[in-house]
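The values are calculated or read from the model by the stated rules, or taken from the named source; none is laboratory data. In this text the structure is predicted, and so the values were computed from the model without any measurement. Ideal geometry is used to build each Cβ from the backbone, glycine not excepted, and the neighbour counts take in all protein chains shown. Heads up: the accessible areas ignore ligands, DNA and RNA and are worked out on the full protein's heavy atoms, side chains in. Shrake-Rupley method; radii C 1.70, N 1.55, O 1.52, S 1.80 Å.
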Amino acid sequence: MEDKLGITWSEYKDWRKQLKYGKHHSKICYMCHVPQISDDLHPTFAKAKKGGRGATGCEYADVVAPLTFAIYHHQELKKKAEQYFEARWPTSMEFAYWLMDVPKKTRHSNMIDILLWYTEIATL
Ligand SMILES: [Zn+2]
């Protein structure tokens, strides 16, 4: 089934495979892409396992990443994001590489930064 942006869930799932954190990232949940900087924001893996869902215990997998994939497929939002982050994403693959790239100093990941950027502009 396609949504308004013309994306299918299986396209997203194929794209998702590129989302792999490198050594330049620390403490990020690879399921939901939320940094584990405090237990309130995201429980540590050990704690999440007890009450959480599935083997990884992450309750909010596939929330942040699909949103960024949707931003990529939304022409206007993509353009705005490219301007804001001074980046160019000619393909979804290059967008995925950018998401997994070295984050800016004091930041945790580009993935979370684009989410936060979106929550800022979405309320305007
Ligand atoms: Zn998680």
Residue pairs meeting the criteria (Cβ under 8 Å; at least 6 apart or on separate chains; first on the phi > 0 side of the Ramachandran plot, in region 28-41; second in a loop (DSSP other than H, G, I, E, B) and more than 8 Å from the ligand (Cβ to nearest atom)): 33/19; 33/109
Subset tally (residues that are more than 16 Å from residue 33 (Cβ to Cβ) and in contact with a helix residue (DSSP H, G or I) (Cβ under 8 Å, 6 or more places away or on another chain)) for region 94-103: 0
Scan of region 77-109 for residues that are open to solvent by less than 30 Å² (accessible area, probe 1.4 Å), out of contact with any Asp or Glu (no Cβ under 8 Å at 6 or more places or on another chain) and part of a loop (DSSP other than H, G, I, E, B), ordered by number: 87, 100, 109
Those helices (runs of 4 or more DSSP H) lying entirely in region 1-76 with at least 1 residues more than 11 Å from the ligand (Cβ to nearest atom), under 22 Å from residue 107 (Cβ atoms) and modelled with pLDDT of 90 or more: 9-16, 64-73
